[in-house]
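> Pasting a structure below so you can have a look.
The values are calculated or read from the model by the stated rules, or taken from the named source; none is laboratory data. Quick caveat: nothing in here was measured; it's all calculated off a predicted structure. A quick note on method: Cβ atoms are made from the backbone with ideal geometry, for glycine too, and the neighbour counts reach across all protein chains shown. Note: areas computed on protein heavy atoms with side chains; ligands, DNA, RNA excluded. Shrake-Rupley method; radii C 1.70, N 1.55, O 1.52, S 1.80 Å.
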Amino acid sequence: MAAPKGITETISPALTAPSTKPLATPKEAAFAQDTVAMQAQAVLQLTNPLERRAAFEKLIASLKSLEELQGVLDAFATLKKTGRQYGAEWALFWQTIGHRDPKQAVALIEKNGPEQPWYFDAVNRVVEQWGALEPEAAVKWLNENEALDEDRLDAALASVIQGYANRDLRSATAYALSVVKPDEPLFRAIAGTLSRAAIQQGGTQGLTAWFDALPSDAHRQGAFSAVSNRLSEADMNQQREWLRLHVDKSYRYDDAYRGYAQRLAEQNPRAAMDFVFGEAPRFNNGGYVGLGYASYEWLMQDPVGFTDYYRNIKDEAQRKALLQSLKDPLGDVNFPMRKRRAAEQFLSGLATP
């Protein structure tokens, strides 16, 4: 996952250069650390959240050395032992120093080491900010970090790309495609990250334009569910129209249709069944993508209405496919018992006039 060449950034040196403050004597450094720790404790214990945030931001802005920043971590640790949690301020701390001076921020992380329970959380927060400034430098540091196993390295890379995309979606997409192949499991997570940036920056039109600009069908297939999910969060009608437009494409991803059928069935099971039979893709064996999701949701919500619907199906192929969608999951020993019993009761009742 080495960072490729070719990405150049124009970044203010003040944002990336390590602190130039002269090194203090050990005694002075310890005093500064303890002083800031007491100041941070006092600020964090302010009871009004808005006042606490404002005071905390002001405190962070005044800190320059690693020892001073360590004092803030000491304050968090001391207060945590008393049961106090400051999640918003914790996130603000790492995001602020990560944006102001990411190299100093990672130096603080390394000073404390991976033994800290917060280590990987801090890494992700800092490299997201670093990704908006110097993505290649951030990835280089990640690749050289022996504390990151494969899963944590993937998560951190996604954070880098998130930060990069927030500033320059087009360049971030090109960068991501250069370091992650579309058939890698990580690509779907990266597509989720990029698709969120696309819809946030350009709305649903920006999202679909981003998808259409992907360089290959393999990339579009890898990003298909992510785009469908973003549209679902925005407007299910737009999601349905987008799914319909792509139903005959080789890169379509059937799980997106299943997900839509499931969510629609939760609201209107009859409409979900109409979608499955009228607009969803078909399998080569004649089955309908998403049928099991729609049929089980309806059966669990309204077994009487579902039974009536089934008995009034005119198309024999649809009737057969619906029955099969109920029977197929029963072969899974881990299938939820509540659904299993509902299906078995329905199936057994078919023999009863």
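> Using a 1.4 Å probe and ignoring any ligands, DNA or RNA, find the accessible area of Leu59 and quote it in Å² to the nearest 10.
Solvent-accessible area, nearest 10 Å²: 20 Å².
> How high is the relative contact order of the chain, in percent, with contacts defined as C-alpha pairs under 8 Å that are six or more residues apart? Present the calculation step by step, with values, prior to reporting the outcome.
On the way: 376 pairs, mean separation 34.9, N = 353.
So the answer I get is 10 percent.
> Here's something else I'd like to know. Exceeding 21 Å between C-alpha atoms, which entries from my cross-link table qualify? They are Lys140/Lys181; Lys58/Lys81; Lys103/Lys140; Lys27/Lys80; Lys64/Lys140. Mind dumping the intermediate values first?
Details: Lys140/Lys181 18 Å; Lys58/Lys81 25 Å; Lys103/Lys140 12 Å; Lys27/Lys80 26 Å; Lys64/Lys140 25 Å.
Violating the 21 Å Cα-Cα cut-off are Lys58/Lys81; Lys27/Lys80; Lys64/Lys140.
> Can you check what the Kirkwood hydrodynamic radius comes to for the stretch 65-223, Cα pairs only, in Å to one decimal?
Working: mean 1/r = 0.0602 Å⁻¹.
The Cα-based Kirkwood calculation yields 16.6 Å.
> Top to bottom by accessible area (1.4 Å), largest first, where do Met337, Met300, Met273 land? Don't skip to the answer; put the middle values down first.
Working: Met337 100, Met300 40, Met273 0 Å².
My answer, sorted largest first, is Met337, Met300, Met273.
> When only C-alpha pairs under 8 Å and at least 6 residues apart count, what is the relative contact order of the stretch 29-81, in percent? Please report the intermediate quantities before stating the final value.
On the way: 43 pairs, mean separation 29.0, N = 53.
It comes to 55 percent, rounded to a whole number.
> If you take the beta carbon distance between Asn334 and Thr25 as r and set R0 to 56 Å, what does 1/(1 + (r/R0)^6) give as a FRET efficiency, to the nearest 0.05?
Details: r = 64 Å, r/R0 = 1.14.
E between Asn334 and Thr25, to the nearest 0.05, is 0.30.
> Once you place label points 7 Å from the Cα toward the Cβ at Asn112 and Lys64, how far apart are they in nm?
My value for the distance between the label points is 2.3 nm.
> Taking a probe of 1.4 Å, how large is the accessible area per residue of the chain, in Å²?
Details: 18470 Å² over 353 residues.
Using a 1.4 Å probe on heavy atoms only, each residue of the chain averages 52 Å².
> Now for a separate question. In square nanometres, what is one fourth of the surface area of the convex hull spanned by the alpha carbons of the stretch 233-353?
Numbers: hull surface 32.6 nm².
For the stretch 233-353, averaging the hull's shadow over all directions gives 8.1 nm².
> Report the extension gain between Lys327 and Gln262 in nm, rounded to one decimal, defined as 0.36 nm multiplied by the number of residues separating them, less their alpha carbon distance. Working shown, then result.
Details: separation 65, 0.36 × 65 = 23.40 nm, distance 1.77 nm.
Net length gain for the segment: 21.6 nm.
> Still on this structure, I have one more. Report Ser178's accessible area, 1.4 Å probe, all protein chains in place, as a number in Å² to the nearest 10.
About 70 Å², ignoring ligands and nucleic acids.
> What FRET efficiency comes out for Ala213 versus Ile313 if R0 is 51 angstrom and r is the Cβ-Cβ distance? Round to the nearest 0.05. Walk me through the intermediate numbers first.
Values: r = 42 Å, r/R0 = 0.83.
Computed FRET efficiency for Ala213 and Ile313 comes out at 0.75.
> Please give the length that would be gained between Asp302 and Leu92 if that part of the chain were fully extended, namely 0.36 nm times their separation in residues minus their C-alpha to C-alpha distance (nm, one decimal). If you can, show how the numbers build up before the last one.
Numbers: separation 210, 0.36 × 210 = 75.60 nm, distance 4.76 nm.
That works out to 70.8 nm of additional length.
> Using a cut-off of 19 Å between alpha-carbon atoms, which aspartates and glutamates can reach Lys339, once sequence neighbours fewer than 8 places away in the same chain are excluded?
Reachable aspartates and glutamates: Glu266, Glu297, Asp302, Asp308, Asp328.
> The chain: Rg/Rh from Cα coordinates, Kirkwood Rh? Walk me through the intermediate numbers first.
Working: Rg = 26.7 Å, Rh = 24.0 Å.
Rounded to two decimals, Rg/Rh equals 1.11.
> Based solely on its DSSP helices, what 222 nm [θ] is calculated for the chain when runs of n ≥ 4 H residues each add -39,500 (n - 2.57) and the sum is averaged over all residues, nearest 500 deg cm²/dmol? Provide the component values of the computation, followed by the final result.
Numbers: 19 runs with 253 residues, N = 353.
Roughly -23000 deg cm²/dmol at 222 nm, from the helical runs in the chain.
> Fully extended, how many nm does the chain gain between Ser178 and Gln345 (0.36 nm per residue separation, minus their Cα-Cα distance)?
Numbers: separation 167, 0.36 × 167 = 60.12 nm, distance 5.28 nm.
Gain on stretching Ser178 to Gln345: 54.8 nm.
> I've got another one for you. For the chain, give the percent of accessible area contributed by carbon and sulfur heavy atoms, probe 1.4 Å, rounded to a whole number.
Of the solvent-accessible surface of the chain, carbon and sulfur hold 51 percent.
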